[in-house]
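K.L.:
Structure below; questions to follow.
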């Protein structure tokens, strides 16, 4: 079994979807080392062939992986279908493809006619949230579409003691599909009420692309250990979203025992469940988000907050990578029954 992997550069060493392969030793990741001749062929062919690929993000390393899959009859798993699965749709071997983006984004990615041709070329499709299933069932038989959630490394992202209560931290992490308007409004409301008695912190790879509330501290390029330390120290994780399937920051926070306030949109409820570890608020409702954050801040240092932290960790353990890997093996076994 092969796996098509291009490492997402902004994920931490133990974060990201490709960490699934750490628990599937029977799967051989691609790309591996390539010969100088292959590298030259890729560099020369990529500019021309990329013009015939409708995927908007298709750099040379994705093309190199696609090229290697195209010539193999071995079963394969393409981990990021939105970015890595185009030419290899014509490969002779069976292919499992995981799609990460919510339906609205998938519709923007390719026109309907292209999706109708592309989706059925996969032997199996993996989705990360229930609302993605409806998108793909309109394109191929439902029995070939499988919900296997995103996972989290629960041995790296772990709780550690209780957060400080003298100046509680409200933490936001990430950039993709974040609702910055809601975040700015919540920051303004919290600062008006608490002033410098609380800390507002954003960890993002888009630190210089927009203005932030003056009370918020913004970090970029932090190490994994620094990020884990922030999760552990935070009284609450504030995650306003425009859309979502799975969310790395959500799972990382829960695994570190951090209570979450998140937008109730897309697949978020599938990951948080009904647990008190997460307060879900309506899309675009900054007032509800601020109220939810204040409720958790008021509990900081109490038994109620400790219970939330324990429930957060308990919820994350349901998505530990070994459990997700077992579910993925069930899908792989179906390839052998073709």
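K.L.:
Starting from the Cα gyration tensor of the stretch 169-317, take the square roots of the eigenvalues, sort them a ≥ b ≥ c, and report rounded, prolate or oblate (rounded when a/c is under 1.5, otherwise prolate if a/b is larger than b/c, else oblate).
P.N.:
Rounded, because the longest to shortest axis ratio a/c is under 1.5.
K.L.:
For residue 193 paired with residue 41, estimate the spin-label separation in nm (one decimal), with each label point 7 Å from Cα along the Cα-to-Cβ line.
P.N.:
Label-label distance for residue 193 and residue 41, simple model: 6.2 nm.
K.L.:
When DSSP assigns beta bridges and you keep just the ones with both residues in the chain, what percent turn out antiparallel, to the nearest 5?
P.N.:
Values: 1 of 37 bridges.
Antiparallel bridges make up about 5 percent of those DSSP assigns within the chain.
K.L.:
Separate question: Which one is right for this structure if Rg and Dmax of the Cα atoms in Å is calculated from it: [x] 18.8, 62; [y] 21.1, 63; [z] 20.8, 71?
P.N.:
Matching the structure shown: [y].
K.L.:
Given labels modelled 7 Å from the Cα in the Cβ direction, how far is it in nm from residue 304 to residue 155?
P.N.:
3.8
K.L.:
Here is a follow-up. First measure r as the distance between the Cβ atoms of residue 121 and residue 181, then evaluate 1/(1 + (r/R0)^6) with R0 = 51 Å and state the FRET efficiency to the nearest 0.05.
P.N.:
0.85
K.L.:
On full extension of the chain, what length is gained from residue 52 through residue 72, given 0.36 nm per residue of separation minus the C-alpha to C-alpha distance?
P.N.:
Working it through step by step, the gained length comes to 5.1 nm.
K.L.:
Mind ranking 253-263, 140-150, 268-278, 47-57 by how tightly packed they are, going by the mean number of other C-beta atoms within 10 angstrom, highest first?
P.N.:
Descending mean neighbour count gives 253-263, 268-278, 140-150, 47-57.
K.L.:
Relative to the present Cα-Cα distance, how much length would full extension add between residue 291 and residue 220 at 0.36 nm per residue of separation?
P.N.:
Difference between extended and current length: 22.8 nm.
Only the coordinates and a few stated rules stand behind these numbers; no lab work does. Everything quoted here is computed from the prediction, not taken from an experiment. Every residue, glycine as well, gets a Cβ built from its backbone with ideal geometry; the counts of neighbours run over all protein chains shown.
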